[in-house]
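Following this message is one structure expressed as structure tokens.
Derivation of every value follows stated rules applied to the coordinates shown; laboratory data play no part. Since this is a predicted model, take the numbers as computed values, not measurements. Quick reminder, even Gly has a Cβ in these numbers, built from the backbone with ideal geometry, and neighbours come from all protein chains shown.
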Amino acid sequence: MITLKDLLSFSKDSWKILVIGAILGGVVGLGVSSFLRPDYEATAVYSFSFDYARTGLMTDIEEDQAMEMAGDIIKSTDVHKIVTVRAGELGIDISDEDIRIDLVAERRFSQWLLKVRRSDPNEAALLANIWGEAARTALQNAQEASWRADALHRYILSLESCFQRSTSIFPAQPLCQASNRMQLQEEFEKAGEDLANRQMMASGYFPGLNFSWTQEAQQPRSPVQFSKGSLGLGGCAAGFLISALLSLFLFKI
């Protein structure tokens with residue numbers, strides 16, 4: 001049985017081996033990373049703001065939900081399909097799996113960052129801007145549909161009020177009189193169908209949310225270092241563990 005005294009003695013005698021093992025592991029990790037394909041990351045940025053004159057006061061949860069819905073449109077399947085088609089027209093071969101891995105939409109406060117990582121820096125910037133253009137079209141269409149849906153919702157509320165006045169014993173406007181109930185009902189149904197269609201086209205976009213494409217992607221000058229750092233750190237940990245096990249084995253012998 002190994003006692004505390006034995007462990008202290010082991011630590012004192014083997015710390016140099018542990019340090020050397022960690023250093024060698026880190027060097028091996030960095031060496032392996034040098035053989036991997038370099039990745040370049042390009043980023044396009046969309047900024048969002050709320051029209052409080054239109055929406056009134058909003059809670060943080062409501063604002064967060066509106067931002068997330070905008071993000072869902074940016075990274076939607078329809079937008080990705082447009083990116084695939086336009087990239088193909090420019091001679092860039094990109095599969096659905098590449099789209100899933102290489103294109104990442106990241107939210108940062110009131111912004112959405114459209115990040116593209118590729119082995120070719122020019123290709124990364126080009127794809128990020130293609131994605132930005134596709135996202136702009138999708139956001140514009142959704143925004144316009146949300147405005148129309150909001151107007152239709154208000155119109156339907158006015159029709160409901162008008163219909164209620166048509167059943168009242170008090171005098172009403174000509175359109176809201178009892179003789180026009182059938183016309184009101186038909187208009188109500190028509191507006192309801194139009195509202196449902198517009199809401200579907202809006203894809204949940206909040207009508208009081210404004211957006212702008214504030215930064216186009218630029219060609220990155222150097223590859224990202226994330227994988228290199230991870231491999232170096234992982235190598236250090238692996239080297240430390242191996243040297244610790246080896247030292248413990250020798251200590252028992």
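Just to confirm a number: summing +1 for Lys and Arg and -1 for Asp and Glu over residues other than residue 133 whose beta-carbon lies under 14 angstrom from that of residue 133, what do you get? Don't skip to the end; give the middle numbers.
Working: positive: 81, 86, 136; negative: 78, 89, 216.
Result for the neighbourhood of residue 133: 0.
Can you pull the one-decimal nm distance between simple spin-label points at residue 37 and residue 161, each 7 Å off the Cα toward Cβ?
For the pair residue 37/residue 161, the computed spacing is 6.1 nm.
So, one more: Just rank 47, 146, 212, fewest to most, by other beta-carbon atoms within 10 angstrom.
Working: 47 15, 146 22, 212 12.
Lowest to highest Cβ neighbour count: 212, 47, 146.
Averaging over all projection directions, find the projected area of the Cα convex hull of the range 102-167 and quote it in nm² with one decimal place.
Values: hull surface 24.5 nm².
Approximately 6.1 nm², given one-decimal rounding.
Can I ask one more? So what's the net charge close to residue 144: Lys and Arg +1, Asp and Glu -1, counting the other residues with Cβ under 15 Å from its Cβ?
Details: positive: 54, 136, 148, 198; negative: 51, 150, 194.
Around residue 144, the surrounding residues sum to +1.
Which peptide among 75-83, 50-58 comes first, and what is the full order, when sorted by highest mean count of other Cβ atoms within 10 Å?
Details: 75-83: 16.4, 50-58: 11.1.
Per-residue Cβ counts within 10 Å, averaged per peptide and sorted highest first, yield 75-83, 50-58.
Tally Lys/Arg at +1 and Asp/Glu at -1 over every other residue whose Cβ is under 14 Å from the Cβ of residue 63; what's the total? It would help to have the intermediate numbers written out before the result.
On the way: positive: 54, 107; negative: 51, 60, 62, 64, 68.
Overall, the nearby charge balance is -3.
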